[in-house]
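The values are calculated or read from the model by the stated rules, or taken from the named source; none is laboratory data. These numbers were taken from a predicted model, which means no experiment stands behind them. FYI the Cβ positions are ideal-geometry reconstructions off the backbone, even for glycines, and counts take in every protein chain you see.
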Amino acid sequence: MTVAFIGHGYVGLVSASVFADLGNTVWVVGRTKEKIEKLKKGIAPFFEPGLSELVKRNVKAGRLLFTLDYKEAIVPSQIVFICVGTPPKNTGEADLTEVFNASREIAKNLRGYKVVSVKSTVPPGTNKKVGEIIASEKIDGSSFAMASVPEFLREGTAISDTLHPDRVVIGTNSQRAANLLTEFHKPIDGTVVLCNVETAELIKYASNSMLSTKISFANAIGILSEKVGADVEKVLEGVGLDRRIGREFLYPGVGYGGSCFPKDVKALIAIARDRGYNFSLLQAVEDVNKEVKKNFIEKITRHFDGEVKGKTIAIFGLSFKPNTDDMREAPSIDIITELLKKGVHIVAYDPVAIDNAKTVLPKGITYATSAYEAARGADAVAVITEWNEFRQIDLVRLAKELKGRVLFDGRNIYNPQSVKDLGFVYYGVGRM
């Protein structure tokens, strides 16, 4: 098929590249000339394992095409996917400005019959509003059907998630659109869930909020484990072996971040509030996510008896998770900001996210080119992001680089006893 993706962020570019690789002709519409010119040369604007190669291969094959012109992309396409950002407003509600702007541009360039599918994460009722915009502004003689096809990709494994999702959700009230979208997704091996538009819109929010709830539950059990003398890893291992629960996402740490979980939890709370329901469970999920970061900072402060001013802390990991350079809502931001306020000198290292980190973190941070350089002469190390590079670090060498052998393991990636045997003072999450 020939299809168009409006937007070249994580969702738009990864999805477009994967479907081009499956043999489709795929147009990607952007609004920044510089980014579009780089993409035409096969240069991806962000880090995602395997994406650069995928983009280059399909650009070279002529299947992946980039443009600033809506008409050039939409006219030949059978399906148009809207993949623009829906950031949170101060109220927690999703900002749908870009979705509606894209809808108006699609309407102006509609020719013949198209399926317009919203992939962006949007509140129930958004597809209806998009359809109303297009219907009121489209040219005579053109027709369309609306569909919601939410994405479920994870940064760091986005290509595999696109090719092998657990499910493909297709929400539409049009049988013709359902048939076309089902055909388009045939090479994808996920279970197809056919439903109405509002159901598809809510599935996305419910999924991300459920995963956020598991993370916050694990973190709350971590805090309690420290208070009662339990080992949170063993507690959650025992819980996770129950097949009704499972261990996935049931890991303690310093909180969730990224482009989805924080904004989607806030948005679902706002969606419920607007309809007269107090979603207190999700409010608690958000509160715990803030609490664990505060708890981690207090742990560092307590070790130094409250005298952290002038201390040097080496921060290992800045991105919100491994295998991405995404700094959106990264726990490192709040943790580093608070430590700087306390007069701590921060030396930070991340394998790929340093350039992005410099744009969002406060001034006054020293950035290192390796973990060992960051640790050199530091009073302590704090692991914020669980990159494999840190899991496999030479702890003997690390101990020699440090001035103080203190390790704050914010992701529980080390064996406490092994670290202590090397002379470290070790602090994990939910571990004694």
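Out of everything in the range 9-45 that is at pLDDT 95 or above and touching a Gly at 6+ places or on another chain (Cβ under 7 Å), what residue ends up being farthest from Pro187 (Cα to Cα)?
Filtering first and then ranking leaves Ile36.
Taking the conditions exactly as written (over 18 Å from the mean Cα position of the chain (by Cα), of a type in the set (Ser, Thr, Tyr) and surrounded by fewer than 16 Cβ atoms within 10 Å (Cβ to Cβ)), does Ser52 satisfy them or not?
yes
Just for the range 214-249: of the residues that are over 20 Å from Lys204 (Cα atoms) and of a type in the set (Lys, Arg), which one is farthest from the chain's Cα centre (by Cα)?
Lys227
Given the criteria modelled with pLDDT under 95 and either among the aromatic types (Phe, Trp, Tyr) or at negative phi (or both), does Thr97 qualify?
no
Which of the residues belonging to the range 55-85 are surrounded by fewer than 19 Cβ atoms within 10 Å (Cβ to Cβ) and among the polar types (S, T, N, Q)?
Scanning the range 55-85 gives Thr67, Gln78.
Within the range 384-401, does at least one residue satisfy the condition of being in a strand (DSSP E or B), surrounded by fewer than 19 Cβ atoms within 10 Å (Cβ to Cβ) and not acidic (Asp, Glu)?
Scanning the range 384-401, I find no residue that is in a strand (DSSP E or B), surrounded by fewer than 19 Cβ atoms within 10 Å (Cβ to Cβ) and not acidic (Asp, Glu), so the answer is no.
Just to be sure I understand the filter: pairs with C-beta atoms under 8 Å, separated by 6 or more residues or on different chains, first member in the range 32-55 and on the phi > 0 side of the Ramachandran plot, second member exposed (fewer than 13 other Cβ atoms within 10 Å of the Cβ). Which pairs pass?
Matching pairs, first to second residue: Gly42/Lys60.
Considering only residues of the range 273-285 that are without any contact (Cβ under 8 Å) to a residue 40 or more places away in the chain and touching a helix residue (DSSP H, G or I) at 6+ places or on another chain (Cβ under 8 Å), which is surrounded by the most Cβ atoms within 10 Å (Cβ to Cβ)?
Filtering the range 273-285 for residues that are without any contact (Cβ under 8 Å) to a residue 40 or more places away in the chain and touching a helix residue (DSSP H, G or I) at 6+ places or on another chain (Cβ under 8 Å), the one surrounded by the most Cβ atoms within 10 Å (Cβ to Cβ) comes out as Phe279.
With the requirement that a residue be surrounded by 12 or more Cβ atoms within 10 Å (Cβ to Cβ) and basic (Lys, Arg), what does the range 286-312 give you?
Those that are surrounded by 12 or more Cβ atoms within 10 Å (Cβ to Cβ) and basic (Lys, Arg): Lys290, Lys293, Lys294, Lys299, Lys311.
Could you give me the residue pairs with C-beta distances under 8 Å whose first residue belongs to the range 328-339 and is within 18 Å of Ile215 (Cα to Cα) and in a loop (DSSP other than H, G, I, E, B), whose second residue is among the polar types (S, T, N, Q) and modelled with pLDDT of 95 or more wherever it lies, and which are 6+ apart or on separate chains?
Listed pairs, sorted by first residue: Ala330/Ser319; Ala330/Thr385.
Here is a yes/no grid of residues against (1) more than 25 Å from the chain's Cα centre (by Cα); (2) free of Cβ contacts under 8 Å to residues at least 40 places away in the same chain:
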{"site": "Tyr372", "(1), (2)": "yes, yes"}
{"site": "Asp379", "(1), (2)": "yes, no"}
{"site": "Thr385", "(1), (2)": "no, no"}
{"site": "Glu389", "(1), (2)": "no, yes"}
{"site": "Leu398", "(1), (2)": "yes, yes"}
{"site": "Asp409", "(1), (2)": "no, yes"}
{"site": "Asp421", "(1), (2)": "yes, yes"}
{"site": "Met432", "(1), (2)": "yes, no"}
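Within the bounds of the range 250-268, is there any residue that is over 18 Å from the mean Cα position of the chain (by Cα) and under 20 Å from Asp409 (Cβ atoms)?
no
Out of (1) under 23 Å from Arg328 (Cα atoms); (2) not assigned by TED's automatic domain parsing to the domain that holds Phe320, what's the single condition that is false for Gly410?
The one condition Gly410 does not meet is (2).
Using beta carbons and a limit of 7 Å, which pairs, at least six apart or on different chains, have the first residue in the range 168-182 and without any contact (Cβ under 8 Å) to a residue 60 or more places away in the chain and part of a helix (DSSP H, G or I) and the second one of a type in the set (A, V, I, L, M, F, W, C) and crowded, with 21+ Cβ neighbours inside 10 Å?
What qualifies is Ala178/Ile170; Thr182/Ile170.
Anything in the range 2-32 that is assigned to a loop (DSSP other than H, G, I, E, B) and either under 30 Å from Asn388 (Cα atoms) or not assigned by TED's automatic domain parsing to the domain that holds Val116 (or both)? List them, or say none.
Selection gives His8, Gly9.
Would you tally the residues in the range 141-153 being crowded, with 17+ Cβ neighbours inside 10 Å and either at pLDDT below 95 or not aromatic (Phe, Trp, Tyr) (or both)?
Looking only at that region, the number is 9.
Picking from Asn208, Asn127, which residue would you name as being closer than 24 Å to Glu286 by Cα and surrounded by 14 or more Cβ atoms within 10 Å (Cβ to Cβ)?
Asn208
Output the residues belonging to the range 73-104 that are closer than 16 Å to Lys138 by Cα and of a type in the set (Lys, Arg).
The one that is closer than 16 Å to Lys138 by Cα and of a type in the set (Lys, Arg): Arg104.
Determine whether the range 121-131 contains at least one residue that is free of Cβ contacts under 8 Å to residues at least 60 places away in the same chain and within 19 Å of Ile74 (Cβ to Cβ).
Yes, because at least one residue in the range 121-131 is free of Cβ contacts under 8 Å to residues at least 60 places away in the same chain and within 19 Å of Ile74 (Cβ to Cβ).
Which number in (1) assigned to a helix (DSSP H, G or I); (2) in contact (Cβ under 8 Å) with a residue 60 or more places away in the chain; (3) surrounded by fewer than 17 Cβ atoms within 10 Å (Cβ to Cβ) marks the one condition that Ala230 misses?
(1)
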